[in-house]
Amino acid sequence: MAIDLSTTSRIAAWLASSQQAVVFTGAGMSTESGIPDFRSPGGIWSKYRTVYFDEFMASAEARHEYWRQKCEGHRDFADAEPNDGHKVAARWEAQGRIRGIITQNIDGLHQLAGSQRVLELHGTARAVACLDCGARYDVEPLVEQFLETDQVPSCRECEGGRLKHATVSFGQSLPVDVIQNAMDWSQTADLMFAIGSSLVVTPAADLPRIAKQSGGRLVIINRDATPLDGIADEVINASIGETLAAIDRCLE
Ligand code: ZN
C-alpha cells in the first residue's frame with residue numbers, strides 16, 4: 001500500500017510540535033529485520049513446548065530444554081541488524097523529538113540502532129541473569145558453552161545459581177519498575193506511536209489506550225488491523241521502515 005503524503009506530513013507536524021512523544025514497538029518492528037514473530041503460525045512458539053517459569057525454577061530437565069530451545073533460536077536474532085524503522089526512532093531520540101521507546105521486543109535492536117532510553121517490557125535476550133543472586137552476563141559466551149558441552153551453564157558469582165535469559169518467561173511477572181515507567185510515559189505522552197504490535201497482549205497493549213485516554217494523540221502503524229484502530233488519530237497499514245522514513249522526510 002502506498003503511503004499517503006498528506007498523512008505522513010500531518011503526523012510529522014504532530015511530532016514536530018510534541019513535547020513528550022513516545023514510541024511503542026512490538027514484534028512487527030523486528031520482522032523487517034528478519035526476526036520471526038514468535039506468535040505467528042509456524043513461529044517458534046508453535047514448534048516447541050513451552051517451558052513455564054515455575055518449571056524452569058524447579059526442574060533441571062526443564063532448564064536443559066529451555067537452553068536447548070534458546071540456543072537453537074539464538075542466531076536468528078543475534079545476526080539480525082536494525083532496519084530503517086529502528087534507525088529513524090533512534091534519530092528522533094537523538095534529536096530530542098521523542099522521550100524514548102517502550103518495547104515488547106527482546107532482541108535489543110533499538111539499542112543497536114543507537115537508542116538510549118528503551119523500556120524493555122519483556123526483558124532482553126542479549127543478557128543472561130542469575131535467578132539466585134542477580135548477576136548478569138553477556139549471552140554469547142554462555143550460548144557457545146551450551147552448544148559445545150550440552151550442559152546448562154550455572155552462575156560463577158554465587159557458584160551454581162540458575163541462569164536464564166534476562167527475558168520474561170511464560171508465568172514470570174513483568175519487571176515492576178519498567179512497567180511503572182512505561183505507565184508514566186504513556187500517561188504523559190502527548191503523542192504515541194504504536195508500531196508493529198497487534199495490541200492484544202496486556203498489559204503492554206493497554207499503554208496506547210492510556211496515552212489516548214490521557215489526552216495524547218495515537219498513531220498506529222501495523223501490518224494488520226488492531227483493536228485500538230477505532231480510537232487512533234491515524235492508522236497506517238504499511239511497511240514500518242518505509243512509513244517512519246516517510247514521516248522523517250517530512251520533518252526536514
Ligand atoms: Zn548467581
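Note down all Cβ pairs under 9 Å where the first residue falls in the stretch 122-139 and is touching a residue at least 60 places away in the same chain (Cβ under 8 Å), the second is within 10 Å of the ligand (Cβ to nearest atom), and they're at least six residues apart or on different chains.
LEU131/CYS155; LEU131/GLY161; LEU131/ARG162; LEU131/LEU163
Taking ASP132 as the residue in question, decide whether it is out of contact with any helix residue (DSSP H, G or I) (no Cβ under 8 Å at 6 or more places or on another chain) and not aliphatic (A, V, I, L, M). Let's see the steps before the verdict.
Details: out of contact with any helix residue (DSSP H, G or I) (no Cβ under 8 Å at 6 or more places or on another chain): yes; not aliphatic (A, V, I, L, M): yes.
When the stated conditions are applied, ASP132 passes them.
Is there a residue being among the acidic types (Asp, Glu), open to solvent by 20 Å² or more (accessible area, probe 1.4 Å) and within 16 Å of the ligand (Cβ to nearest atom) anywhere in the stretch 70-83? Let's see the steps before the verdict.
Filtering the stretch 70-83 for residues among the acidic types (Asp, Glu) gives 72, 76, 79, 81.
Of the ones still in play, those that are also open to solvent by 20 Å² or more (accessible area, probe 1.4 Å) are 72, 76, 79, 81.
Narrowing further to those that are within 16 Å of the ligand (Cβ to nearest atom): none.
No - not one qualifying residue is present in the stretch 70-83.
For every residue, the table says whether it meets (1) β-branched (Val, Ile, Thr); (2) under 30 Å from ALA62 (Cα atoms); (3) in contact with a strand residue (DSSP E or B) (Cβ under 6 Å, 6 or more places away or on another chain); (4) not in a helix (DSSP H, G or I).
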{"position": "SER173", "(1), (2), (3), (4)": "no, yes, no, yes"}
{"position": "GLN187", "(1), (2), (3), (4)": "no, no, no, no"}
{"position": "MET192", "(1), (2), (3), (4)": "no, no, yes, yes"}
{"position": "ALA211", "(1), (2), (3), (4)": "no, no, yes, no"}
{"position": "GLY215", "(1), (2), (3), (4)": "no, no, no, yes"}
{"position": "ARG223", "(1), (2), (3), (4)": "no, no, no, yes"}
{"position": "VAL235", "(1), (2), (3), (4)": "yes, no, yes, yes"}
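Here are LEU244, LEU199, LEU142: which of them is surrounded by 13 or more Cβ atoms within 10 Å (Cβ to Cβ) and within 16 Å of the ligand (Cβ to nearest atom)? Give the derivation first.
Working: LEU244 fails: within 16 Å of the ligand (Cβ to nearest atom); LEU199 fails: within 16 Å of the ligand (Cβ to nearest atom).
Checking each option against the conditions leaves just LEU142.
Specify which of the listed residues (ALA94, ALA113) is closer than 25 Å to VAL201 by Cβ and not basic (Lys, Arg).
Details: ALA94 fails: closer than 25 Å to VAL201 by Cβ.
From the options ALA94, ALA113, the qualifying one is ALA113.
The values are calculated or read from the model by the stated rules, or taken from the named source; none is laboratory data. No experiment lies behind these values; they were computed from the predicted model shown. Using ideal geometry, Cβ is built from the backbone for each residue, glycine included, and neighbour counts are taken over all protein chains shown. What goes into the accessible areas is simple: the full protein's heavy atoms, side chains included, and nothing from ligands, DNA or RNA. Shrake-Rupley method; radii C 1.70, N 1.55, O 1.52, S 1.80 Å.
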